[in-house]
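Novice: Just dropping this structure here.
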Amino acid sequence: MGEPASERAGVPGSERAVYISMDEKYFAKKIEQKWQKKWADSRAFEASMESNKPKFYQLEMLPYPSGNLHMGHVRNYSAGDVVAWYKRLKGFNVLHPIGWDSFGQPAEDAAIKRGVNPREWTEANIDTMQGQLQRLGISYDWSRQMAAHRPDYYKFDQWFFLKMFEMGLAYKKKTQVNWCETDQATLSNEQASGGLCWRCGNPVTKKDLEQWFLKTTSYTDQLLDDMAAIEAGWPQNVIKRQRDWIGRSEGAFVDFKISMPTGQLDKAAAGAPNTVRIFTTRIDTIYGANAIVVSAEHPVVTSRHASLPADVNAKIAEIVAESLKPRDREEEVEKDGIDTGLKAINPFSGEALPVWVGNYVMMDYGTGAVMSVPAHDERDWEFAKKFHLPIRQVISEPHMEHEHHTMQALALDHAFTDHGVLVHSDYWNGKKSETAKKEMTEYAQKHGFGEVATTYRLRDWGISRQRFWGSPIPIVYCDNCGIVPEKYENLPVQLPDSIEITGTGESPLARVSEFVNTACPNCDGPARRETDTMDTFVDSSWYYYRYTDPQNADAAVDPAAAAYWTPVDQYIGGDDHAVMHLIYARFWTKVMRDLGIVKFDEPFKRLLTQGMVVGETFFDDSTGKRKYFMPADVKVERDEKGKIISATASDGTPLKHSIERMSKSKGNGVDPDEMVEIYGADASRIFVMFAAPIENELVWNEAGIEGAVRFLQRVWRQVYRWRDALSAHADRTTPSAQSGDHPPFSKEGSQAARDLRRKTHQTIKRIDESLETLQFNTPVAALMELSNAIGDLEADPATATEDEVFAVREAIESLALMLAPFAPHAAEEIYSVVTGSDDGMVANEARFPEFNPDLAKSDEIEIPVQVNGKLRSRLMASPDASNEHLTEMALADEKVTQYTDGKQIVKTIVVPGRLVNIVVR
RNA sequence: GCACGCGUGGCCAAAACGGCAAAGGCGCCGGUCUUAGAAACCGGAUAUUGAAGGUUCGAAUCCUUCCGCGUGUACCA
């Protein structure tokens, strides 16, 4: 690559007879610095509620301040800025804020590894990244920045927690966490992957810990049903994933009575349940049940521990122990279980079924017990095969309706899980599954051993983290009063300024006595604080409300500010947050609605999920752990398609390669700062938007970025070439590319000028439509085409006709305005030259150019003529020529008659304005 | 396994409702300039739209099957 533009920056432009002087060459850095300063000085992007324009809230997902921006951020924020600029130019009062998800583990890890202060580390990172974003020229309202780790923000995490505590939405419960005995630390699932502690390498166990939960499940139906209101504005796959995640499943509960095997007394503890309730979605298969299978933790077995045979108890203990081991997601667990000796009576058939403990039944879903119907459920099939349990088919193919229902069906070689017709099912023989489900549930209900039931996959949200760098949970434990919420006036419960974080032990806060020891808010006696902190998803559940009222010390947000700006009109972010963050944020909004803070159900009207930015990685995993190599240190062989054949390290070690999410540690990261330094912010942003559709994965390939630079340079050159001719017309009071202010072309007006105006207006239409539908790559292509069209006009600026100058002016001014969302600095500069005002588009209330259909229309169009679908000729016709006229012209055409002579014309198809097709035989 | 999505020149990609000879960029080739190269500029070539069937006057677009790739998810009863 050649001499970087930046090194040439700073050359002063020569004074010319134009209102705004212009360098002959495009100096990215000079222009970018100029406009970044102007925008900051004029507070161009600071939003205010004092406006008579309609509001538009453009939001991008809250970044974690890791220290450096990566290309995924650049992609996300460039896209957001396209929307923000577009809406601004469309006359909206735009709110476009940014902030920091600044609580979380990396800061704590840095503290452990390098002994730095997490607060200082975090603040320094925020500084760095803010600078990077500013150099990219993203049009944020910096005055509204929030950062989760600052007490003025997390105060309200705590406020919300207390409110939820009052509402019964926050509660404490014992649950299992990954636990490293050696380090005495809880671990997230990722940190415990493979069953080994990521820090010390010792096996991880599970441990029961008291944890705080937020009752997301009390909003399950709303979370599910309210999606109907936002469905149109959200990607289908996100909607689907949320539905799956919530996992509503409709079926029935059925109670089975427990009896001990013949000859044995029931030695169960007093109060041991004598029924087992199962959940099933297929009650129609109940005559095929061969066993009841319960989870190892099910009360029906735990309460009978004393009476169960020793080998049964041993096996149950083994299953429990096995289930406590963390395992890889991919690993398939073999079915295991044991017959407890208990019997359960099928309330439909009266049959006594064995009660098994099975490792595939989960205690925390449904009732922790299932009826095993091997003929019609794959898991039960597998279980029955392994333990040689009987398999009885009770559902037959649908066409068997009214046939011989009692006949033994064909021997099955796999579970038949479809709906069908009941057989071997007594009274219900011959009925369809759907009918039987309904009737059997009603029957169970009527006879008191069952009911209609709906279960969900969604669990409550565990927010406790045994960590330092998070928002303290505002709860106090008092020997006299028990669990006591902190008083509102005592918020925020502040993190201690500096503590030693070693990475071992329980929550680091537990060792800070000034923090732990406190007075009970209730009785003022000695008490201890909760030392767990909140999940950082808490912070990101409501930050977008804080932006609307960021300085408020008394409330999370003023309802009036929230009412003005929210809900968010357009949200843009990574696909990876499709489920968790977006469910939590939706939940939080519903809680805020119930608190009367907002009046709507859903926080994000429209959502766009962008694809990841990925790059090639090279690594050696022969040691079991991946060691990454920088691409510069790798010798790569490629085939003619560019696919990698082999890669070797400089010392000759053969390396594996892959395409992975960009990151510094993997050596495939691109530093946005470096890119901005070399190519400029505008070119970088254009390239990132142009390279691939926003929702696709973007495989990083830097080669293309020079095309973006060339495009900007070409536009610049065109503006420079025409600057004198344009400036002579730059004295209008209202700068505008609107078309109505120029009379229609005189008959003598050149065809070239007419063509350019047509291209301009066609481009306006295209770009407008693309931006409305959130396509960012095609508008860039359209701008390139428009710029090519300007270049195609051969007229000399000095001698051009008035029509031609007007057409060029309209094209360039439109181009500048439409370029603003992608390359705002260059666009502002060009706009200044064209309009003679150096105050910027915002101050000038610049508007997106308006499309004029009359100008976009060609006066004559070419109509292809096909014979039997094959192109044979073309006609020139007016765009509104009648079908009859076109048909006549086509049939008279010589090239057409060659193919139609002597044949019978079967029919003629005319697509108005498009083509004529003559079908002959 | 299940669900969803995608296959268009060497590469990234565009083409309302099925309707012209399938955009744009990168790369490539040639030219101008230059001692030469690079950059820049100008010009040019390059596609039976993954495969096979089907529907239709007409298919990149709709349907079926297959092949390849990607994403999500998994004992959820």
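Novice: Can you confirm whether A:VAL919 is under 46 Å from the mean Cα position of the chain (by Cα), within 11 Å of RNA strand B (Cβ to nearest atom), modelled with pLDDT of 80 or more and aliphatic (A, V, I, L, M)?
Specialist: The answer is no for A:VAL919.
Novice: I'm trying to understand the selection: among the residues of the stretch A:386-415, which are surrounded by fewer than 13 Cβ atoms within 10 Å (Cβ to Cβ), at pLDDT 80 or above and under 43 Å from the mean Cα position of the chain (by Cα)?
Specialist: Within the stretch A:386-415, just A:LYS386 meets the criteria.
A quick yes/no check of all residues on (1) out of contact with any Cys (no Cβ under 7 Å at 6 or more places or on another chain); (2) modelled with pLDDT of 90 or more; (3) at negative phi:
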position	(1), (2), (3)
A:LYS446	yes, yes, yes
A:GLU451	yes, yes, yes
A:ARG467	yes, no, yes
A:GLY470	yes, yes, yes
A:CYS478	no, yes, yes
A:VAL484	no, yes, yes
A:LEU495	yes, yes, yes
A:SER498	yes, no, yes
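Novice: Is at least one residue of the stretch A:764-787 modelled with pLDDT of 90 or more, away from RNA strand B (no atom under 15 Å from the Cβ) and crowded, with 18+ Cβ neighbours inside 10 Å?
Specialist: yes
Novice: Say we look at the stretch A:839-890 and pick out the residues that are of a type in the set (D, E, K, R) and buried (at least 17 other Cβ atoms within 10 Å of the Cβ); which of these is nearest to A:SER814 (Cα to Cα)?
Specialist: So the residue we want is A:ARG847.
Novice: With respect to A:VAL333, determine if the residue is within 16 Å of RNA strand B (Cβ to nearest atom), assigned to a loop (DSSP other than H, G, I, E, B) and touching a Ser or Thr at 6+ places or on another chain (Cβ under 6 Å).
Specialist: The answer is no for A:VAL333.
Novice: Follow-up question, since we're still on this one. May I ask you to say which residue of A:PHE468, A:PHE416 is part of a loop (DSSP other than H, G, I, E, B) and in contact with a His (Cβ under 9 Å, 6 or more places away or on another chain)?
Specialist: Every option except A:PHE416 fails the conditions.
Novice: Within the stretch A:133-177, can you find the residues that are farther than 25 Å from A:ALA84 by Cα and touching a Ser or Thr at 6+ places or on another chain (Cβ under 6 Å)?
Specialist: The answer is A:HIS149, A:TYR154, A:ASP157, A:VAL177.
For (1) of a type outside the set (A, V, I, L, M, F, W, C); (2) at pLDDT 95 or above, each residue gets a yes or a no:
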| site | (1), (2) |
| --- | --- |
| A:ARG75 | yes, no |
| A:ALA79 | no, no |
| A:ARG88 | yes, yes |
| A:GLU108 | yes, no |
| A:GLN145 | yes, yes |
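Novice: Name the residues in the stretch A:359-377 that are surrounded by 24 or more Cβ atoms within 10 Å (Cβ to Cβ) and touching a Gly at 6+ places or on another chain (Cβ under 7 Å), would you?
Specialist: Correct list: A:VAL361, A:VAL373, A:ALA375, A:HIS376.
Novice: When you scan the stretch A:225-252, how many residues do you find that are modelled with pLDDT of 90 or more and charged (D, E, K, R)?
Specialist: The total comes to 1.
Novice: Separate question: For the stretch A:895-905, check the following and say yes or no: at least one residue is within 13 Å of RNA strand B (Cβ to nearest atom) and of a type in the set (A, V, I, L, M).
Specialist: yes
Novice: Could I ask something else about it? Any residue in the stretch A:818-837 that is surrounded by fewer than 20 Cβ atoms within 10 Å (Cβ to Cβ) and out of contact with any Phe, Trp or Tyr (no Cβ under 7 Å at 6 or more places or on another chain)?
Specialist: The answer is yes, given that some residue of the stretch A:818-837 is surrounded by fewer than 20 Cβ atoms within 10 Å (Cβ to Cβ) and out of contact with any Phe, Trp or Tyr (no Cβ under 7 Å at 6 or more places or on another chain).
Novice: Moving on. Among the residues of the stretch A:347-363, are any more than 10 Å from RNA strand B (Cβ to nearest atom) and either in contact with a Leu (Cβ under 6 Å, 6 or more places away or on another chain) or modelled with pLDDT under 90 (or both)?
Specialist: Looking through the stretch A:347-363, at least one residue is more than 10 Å from RNA strand B (Cβ to nearest atom) and either in contact with a Leu (Cβ under 6 Å, 6 or more places away or on another chain) or modelled with pLDDT under 90 (or both).
Novice: Additional query: Restrict the check to the stretch A:872-887 and report whether at least one residue is closer than 30 Å to A:GLY80 by Cβ and of a type outside the set (D, E, K, R).
Specialist: There is no residue in the stretch A:872-887 that is closer than 30 Å to A:GLY80 by Cβ and of a type outside the set (D, E, K, R).
Novice: Quick check on the stretch A:111-132. Is at least one of its residues free of Cβ contacts under 8 Å to residues at least 40 places away in the same chain, more than 24 Å from the chain's Cα centre (by Cα) and in a loop (DSSP other than H, G, I, E, B)?
Specialist: Checked against the condition, which is being free of Cβ contacts under 8 Å to residues at least 40 places away in the same chain, more than 24 Å from the chain's Cα centre (by Cα) and in a loop (DSSP other than H, G, I, E, B), the stretch A:111-132 yields at least one hit.
Novice: Go through the stretch A:674-699 and give me each residue that's surrounded by fewer than 17 Cβ atoms within 10 Å (Cβ to Cβ) and more than 7 Å from RNA strand B (Cβ to nearest atom).
Specialist: A:GLU674, A:GLU695
Novice: Is there a residue in the stretch A:269-281 that is within 11 Å of RNA strand B (Cβ to nearest atom), of a type in the set (Ser, Thr, Tyr) and at pLDDT 90 or above?
Specialist: Looking for residues that are within 11 Å of RNA strand B (Cβ to nearest atom), of a type in the set (Ser, Thr, Tyr) and at pLDDT 90 or above, one finds at least one in the stretch A:269-281, hence yes.
Novice: In contact (Cβ under 8 Å) with a residue 24 or more places away in the chain and small (Gly, Ala, Ser): is that true of A:GLY430 in this structure?
Specialist: So A:GLY430 fits the description; yes.
Novice: Another question about this same structure. Within 30 Å of A:THR217 (Cα to Cα), assigned by TED's automatic domain parsing to the domain that holds A:HIS424 and among the basic types (Lys, Arg), is that true of A:ARG379?
Specialist: The answer is yes for A:ARG379.
Novice: Next question. When you go through A:ASP558, A:ASP524, A:ASP576 one by one, which is the residue that is surrounded by fewer than 17 Cβ atoms within 10 Å (Cβ to Cβ) and either among the aromatic types (Phe, Trp, Tyr) or within 16 Å of RNA strand B (Cβ to nearest atom) (or both)?
Specialist: After ruling out the rest, the residue left standing is A:ASP576.
The values are calculated or read from the model by the stated rules, or taken from the named source; none is laboratory data. Note that the coordinates shown come from a computational prediction; the quantities given were computed from them, not determined experimentally. Glycine also receives a Cβ, built like all others from the backbone with ideal geometry; neighbour counts cover every protein chain displayed.
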